[in-house]
Amino acid sequence: MAQAVDLVIVNGKVLTMDAAAPRAEAVALAAGKVFAVGSTADIRALAGPQTREIDAAGGSVLPGFIDSHVHLFQGSASLEFMGMEGVTGREAAMRTIRAFADANPDERLIVGVSTSYQLMDGRNPVRQDLDAILPDRPLALLAPDIHTVWANTKALELAGLLHGGPVPEGSIIVMAADGTATGELQETGAFGPVLRLSRTGGRDMLGYVTGNDPEPPATEAERAADRRLITKGLAHAAKHGITTMHNMDGNFYQLDLLGQIEAEGNLKCRMQVPFHLKNYDPLERMEEAAEMHRRYRGDTIWSGRVKMFMDGVIDSRTALMTRGYPGAPDITGEPVFEPDHFNEACIRADALGLQICVHAIGDLAVRRTLDGYGAAAKANGARDHRHRIEHIEVIHPDDLPRLAQMGVVASLQPRHSALGGHFPLIPQGTILHDDQYPYAFAWQRIRDTGAKVVFSTDWPVVPISVMETLQCAIAPLDPGAPWDSRAQSLTDTLESYTVGNAWVEFNEGRKGQLIAGQMGDVVVMDRDLEAVDPGQIGQAQVAFTICGGQVTYAA
Ligand SMILES: [Zn+2]
């Protein structure tokens with residue numbers, strides 16, 4: 001035996017995601033990498049006395065999952081904040097909030113996550129609703145999409161927002177006729193000051209709200225608290241078979257914490273962290289993105305990507321549309337960046353060799369993002385950029401072919417779609433015009449154009465569970481016309497979570513497949529995914545997660 005094999009996984013249904021040899025029974029790992037793939041007998045023959053054996057017992061064995069759109073710090077914090085998922089109606093809200101407040105007497109700000117729009121018996125809450133539940137302690141409820149916060153009067157007072165105030169373009173403090181804030185705060189520029197009151201000091205949100213580091217710098221105690229929280233989040237991801245995550249918010253602070261977590265031996269997932277450029281940042285800040293790329297370029301923690309926002313979300317009608325929302329012809333959403341400004345930002349990022357990813361939900365936001373990538377290609381020449389568009393909840397038919405033509409990646413989240421069964425169906429005539437439905441959450445239509453489609457969760461917007469996302473993709477709801485529901489194949493969906501997402505991060509040939517020499521990132525499922533009813537696949541559990549040859553989770 002040429003090399004000591006550390007670990008063998010035998011008796012599995014191995015899906016290698018390698019078209020040349022798609023199936024096997026067993027995998028051997030050595031020195032943190034895949035050493036060999038083959039039959040159980042052949043792989044066992046490679047084992048020595050020190051080799052650990054994992055019996056997959058007929059379960060699927062795959063390359064470790066890559067979730068290409070998460071917010072790790074916020075997701076980690078959400079594991080300890082008040083969960084509002086599934087809470088609907090005033091009575092249920094009161095029970096949940098009061099119970100959490102009683103159980104957490106020292107919590108500086110009660111933060112609720114995944115709060116339903118229309119929480120108050122069919123409408124969004126105002127501060128007086130929340131005051132009736134919790135008058136004497138500050139309370140902030142985050143919408144599932146993290147683009148809206150509803151705050152009570154106490155929280156608004158402490159944050160200095162009760163009488164409004166200046167906010168950056170794209171953010172709104174919703175005001176009542178009497179000149180006070182209603183409690184609804186749209187986008188990070190409006191709700192950032194409230195979340196700074198939380199026990200994390202808003203540091204979990206900072207990479208998302210501003211992309212800046214904490215100011216004043218975090219104390220040693222705060223850093224330790226943040227490391228503990230993020231370590232918990234990484235372990236939570238590993239439990240779902242994840243071995244790599246692409247973060248969608250970033251700052252040097254998070255990268256620094258991750259480096260320390262790695263030094264402590266607790267980095268259970270590889271992490272890519274972008275530079276977050278806001279619309280009010282001078283474009284000279286792009287140099288910081290280049291610096292981040294220079295400083296962080298390993299296989300475990302790296303950067304090299306710029307994140308921007310083009311619009312808001314459809315539920316609050318802040319998604320940027322080519323025409324007014326139904327019944328509201330004048331409301332077309334808010335552009336976060338004006339076109340010239342955005343195009344210049346794209347040109348600069350692209351010229352630095354950075355990958356760009358832009359949150360674009362409405363059809364005009366998607367169009368303007370494509371225009372920005374086009375401007376970059378025109379200015380800098382064509383290159384293999386793999387720029388991404390995040391979400392694409394509605395696309396105009398004219399723009400559909402442009403993704404493939406321009407080599408732009410469609411980064412989609414099946415569980416954000418109403419067809420994913422996680423969020424309620426969008427009532428007809430409220431947000432989408434009937435003729436837009438076939439181009440809303442149009443996974444297959446986009447795939448059919450030849451564009452690269454990859455899937456992710458946007459955790460904590462939806463849970464990080466790969467299997468639940470898989471179920472949404474391969475067994476979506478079919479509410480009938482005007483929706484156009486088209487199931488994704490299991491193979492396409494698994495491809496996006498493995499070899500596809502590895503390609504998106506420029507790591508094709510190095511990870512995302514079970515081929516000798518690739519990174520030793522493997523997931524062992526508790527059952528054969530190909531034998532499961534698609535409508536039940538969300539119940540499949542991870543038996544083992546292995547990252548870089550190390551077992552990071554065992555059921
Ligand atoms: Zn996101």
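Quick note: the coordinates plus some simple rules give every number you see, no bench work behind them. A quick note: this is a predicted structure, and the numbers were derived from the prediction, not measured. Reconstructed Cβ throughout: ideal geometry from the backbone, glycine too, with neighbour counts over all protein chains shown.
General observations
- Extension reserve of the residue 340-residue 506 stretch, reckoned as 0.36 nm per residue once the Cα distance is removed: 56.9 nm
- Taking θ as phi - 60° and the Karplus parameters 6.51, -1.76 and 1.60, the scalar couplings of the range 530-540 work out to 6, 9, 8, 4, x, x, 10, 5, x, 8, 4 Hz in sequence order, x denoting glycine and proline.
- Crossing angle, helix 339-351 versus the chain [Cα axis fit, 0-90 degrees, rounded to tens]: 30 degrees
- Structure-based [θ]222 nm, the chain - -39500 (n - 2.57) summed over DSSP H runs of at least 4, per residue, nearest 500: -8000 deg cm²/dmol
- Modelled spin-label separation between residue 94 and residue 481, with each label point placed 7 Å from Cα along the Cα-to-Cβ direction: 4.6 nm.
- Here the chain is treated with +1 on each Lys and Arg Cβ and -1 on each Asp and Glu Cβ, and its dipole about the Cα centre works out to around 920 debye.
- Relative contact order, whole percent, for the chain stands at 17, derived from Cα pairs under 8 Å and 6 or more residues apart.
- Volume per residue of the C-alpha convex hull in the chain, rounded to whole Å³: 152 Å³
- Distance histogram for the range 310-505 (every C-alpha pair counted, 10 angstrom bins, percent rounded to whole numbers): 9, 37, 37, 15, 1
- The chain: angle of helix 220-239 to the longest principal axis, Cα-based, in degrees nearest 10: 60 degrees
- Pairs spanning more than 22 Å between alpha-carbon atoms, out of 452/511; 278/452; 33/239; 268/452; 33/232: 278/452; 268/452; 33/232.
- When peptides 334-343, 4-13 are sorted by average Cβ neighbour count within 10 Å, with the highest value leading, the order is 4-13, 334-343.
- Length gained on full extension, residue 175 to residue 530: 122.5 nm, using 0.36 nm per residue less the C-alpha separation.
- Simple spin-label estimate for residue 287 and residue 263 in nanometres, 7 Å along Cα-Cβ: 2.8 nm
- Cβ-defined net charge surrounding residue 195, 10 Å radius [Lys, Arg +1; Asp, Glu -1]: +1
- Residue among 263, 433, 497 farthest towards the positive dipole end of the chain, charges placed on Cβ: 263
- Taking packing as the residue-averaged number of other Cβ atoms within 10 angstrom, the listed peptides 183-192, 96-105 run from highest to lowest as 183-192, 96-105.
- Between residue 554 and residue 118, the contour length at 0.36 nm per residue exceeds the alpha carbon distance by 153.0 nm.
- Per-residue packing, averaged as other Cβ atoms within 10 Å, sorts the ranges 248-255, 66-73, 512-519 into the order 66-73, 248-255, 512-519, beginning with the highest.
- Note on residue 137/residue 39: beta-carbon distance plugged into 1/(1 + (r/R0)^6) with R0 of 56 Å gives a FRET efficiency of 0.35.
- Here r is the Cβ-Cβ distance between residue 227 and residue 295 and R0 is 22 Å; the resulting FRET efficiency, rounded to 0.05, is 0.70.
- Note that the range 72-209 carries a Kirkwood radius of 14.6 Å, evaluated over its alpha carbons pair by pair.
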